[in-house]
Amino acid sequence: MKAKGWYSRGYLPHFDAPGALQFITFRLADSLPQDVLDRIERELEQMPITERELERYKKIERWLDSGLGCCALRHPQMALLTQEALQHADGKSYRLIEWCIMPNHVHVLIEQKISLPKILQSWKSFTGRWAMAHNAELGLGVPPGHFWMREYWDRFIRDEDHFNRVVNYIRENPVKAGLCDKASDWPWSSAYKGLSL
């Protein structure tokens, strides 16, 4: 699949270029109710267009960190499978730099080697099929429909300062969300310093 450069699938702009460092967030389909998304969009209408994308992301992140939806990624087997999916093509399709699996969303920093949509599709299709097949057995609470939200948020890394802020953000997200005291305590993260899984 050929790299697309800048493109949109109707909602968020994306940048697809092998060699780019990309900060990616993708979330569970039920992680944000439509009324919350509508409220965010109404709040953004008052802002200059140039500031809306980043502010939208910040507002969505605050809501995601509050733990809405089934939070199926909180289940250890689901989190482990997601971790394995992220690590599976490391060194082939991308270089995995940092990652963190939150209860209802995932943050990843990669250097892409192939098309970004293809990378996301591989992570989401594998984990989504597994989650739906084991939903009842594990009590994941995934509602009927899709496991993952179709869209994802990506931002290519502009410079070293941006890179360092993103690394820190990914590592500290579980602490900020109140899931652990130190980033190195969160088992579903590249910052984890506990026993090997």
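Summary table below
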item: Spacing of the two label points (7 Å from each Cα toward its C-beta) at Asp185 and Glu84, in nm; result: 2.8
item: Length gained when the stretch Leu138-Glu160 is fully extended (0.36 nm per residue, less Cα-Cα span); result: 3.8 nm
item: Long-range amide H partners of Tyr94 with built H, under 5 Å; result: Lys113
item: Beta bridges by DSSP in the stretch 5-185, antiparallel share as percent, to the nearest 5; result: 95
item: Protection proxy ranking, peptides 113-119, 30-36, 50-56, average beta carbon neighbours within 10 Å, highest first; result: 113-119, 30-36, 50-56
item: Normalised contact order of the stretch 133-197, rounded percent, pairs of Cα under 8 Å and 6 or more residues apart; result: 14
item: Relative contact order, percent, the stretch 39-144 [alpha-carbon distance under 8 Å, six or more residues apart]; result: 24
item: Estimated vicinal HN-Hα couplings, Hz - the stretch 52-67 in sequence order (Karplus 6.51, -1.76, 1.60; Gly, Pro = x); result: 5, 4, 5, 5, 4, 4, 4, 5, 4, 4, 4, 5, 4, 5, 6, x
item: Pairwise label distance in nanometres, Arg150 with Ser66, each label 7 Å out on the Cα-Cβ vector; result: 2.6
item: ³J(HN,Hα) computed for each position of the stretch 77-91 - Karplus, 6.51 cos²θ - 1.76 cosθ + 1.60, integer Hz, glycine/proline x; result: 5, 5, 5, 5, 4, 5, 4, 5, 5, 5, 7, 4, 9, 4, x
item: Straight-distance crosslink candidates among aspartates and glutamates, where the alpha carbon sits under 15 Å from Lys59 and sequence neighbours closer than 8 are dropped; result: Asp35, Asp38, Glu41, Glu43, Glu45, Glu51
item: The chain - mean residue ellipticity at 222 nm from DSSP helices (-39,500 (n - 2.57) per run, n ≥ 4, rounded to 500); result: -13500 deg cm²/dmol
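Bear in mind these aren't lab numbers, they're just calculated from the coordinates by the rules spelled out. Computed from a predicted model, the values in this text were never measured in an experiment. Don't worry about glycine lacking a Cβ; one is built from the backbone with ideal geometry, like all the others, and counts go over all protein chains shown.
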